[in-house]
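Rule-based calculations on the coordinates, nothing more; no lab input. Remember, it's a predicted structure, so these values are computed and weren't measured experimentally. Note that we place each Cβ from the backbone using ideal geometry, even for glycine, and neighbour counts take in every protein chain shown.
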Amino acid sequence: MSHELTDKIEARAFWQIIGERPIGATIVTTRNEAGQPNGFLGLSAAHVSASPPKMLVSIDRKTSALADIVQTGRFSLNFLPAEASDLAGAFGKSGPKPFETDDWDTLSTGAPALKTALGVMDCELSQIVEEDDVAIVIGRVVSARSASGGDALVFFRGAFERLKSHA
């Protein structure tokens, strides 16, 4: 199905077109001021710069984790391994988040870091850009870790898929 891109493109068509490119599955995590973990599936995570290292993620303003990031100034981006599709699905829905397992630890900011993540970028809030119904959150990477390999989880055409590693 083809869609002509105009200034009045409908949201459904927009998301269908976006779905034509694989997107790395990322869980964005934080804690509130009381120390309770919070998070969401952040399919818009991207790098801003390498020097200094900065990352960004777009967050719907209705997402409860946004208020926690603003209050604490801390968040982590967890790049998911292929085996984490159930976890990604759990974070993509509203309701309780699966922090009750021992799959989590922390890096320097204290935001939850998934032990099995292919990579974790631990960030301190640098800037927020408000645009329509989202906040673009930019964070300075203060610590990070990576796994020694494995396949990645990507979101493509409305479903989670395994991206094979060539390493």
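Overview of results
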| quantity | calculated |
| --- | --- |
| Proximal lysines relative to LYS54, as straight alpha-carbon distance under 30 Å, when same-chain residues fewer than 8 apart are discounted | LYS62, LYS93, LYS97, LYS115, LYS164 |
| From phi via Karplus (6.51, -1.76, 1.60), per-residue ³J(HN,Hα) for segment 135-151 in Hz, x at Gly/Pro | 10, 8, 9, 10, x, 7, 6, 9, 7, 7, 8, 9, 7, 8, x, x, 7 |
| Cα gyration tensor of the chain - equivalent ellipsoid semi-axes, whole Å, descending | 25, 20, 16 |
| Positive-end residue of LEU66, THR106, ALA88, charge dipole of segment 45-110 with Cβ unit charges | LEU66 |
| Taking ILE59, ILE18, ILE138 and counting other C-beta atoms within 10 Å, the order from fewest to most | ILE18, ILE138, ILE59 |
| Dipole moment magnitude, nearest 20 debye, segment 37-143 about Cα centre, only Lys, Arg, Asp, Glu C-beta charged | 180 |
| Under 11 Å, Cβ to Cβ, from ALA135 - net charge with Lys/Arg +1 and Asp/Glu -1 | -3 |
| Local electrostatic count, SER44, Cβ distance below 14 Å [Lys/Arg +1, Asp/Glu -1] | -2 |
| For the chain, the longest site-free run once GluC sites (Glu not before Pro) in DSSP loop states with at most 13 other Cβ atoms within 10 Å are removed | 101-167 |
| Compactness index (Cα Rg / 2.2 N^0.38 Å), segment 7-88 | 1.24 |
| Helical contribution to [θ] at 222 nm, DSSP H n ≥ 4, -39,500 (n - 2.57), averaged over the chain, rounded to 500 | -4000 deg cm²/dmol |
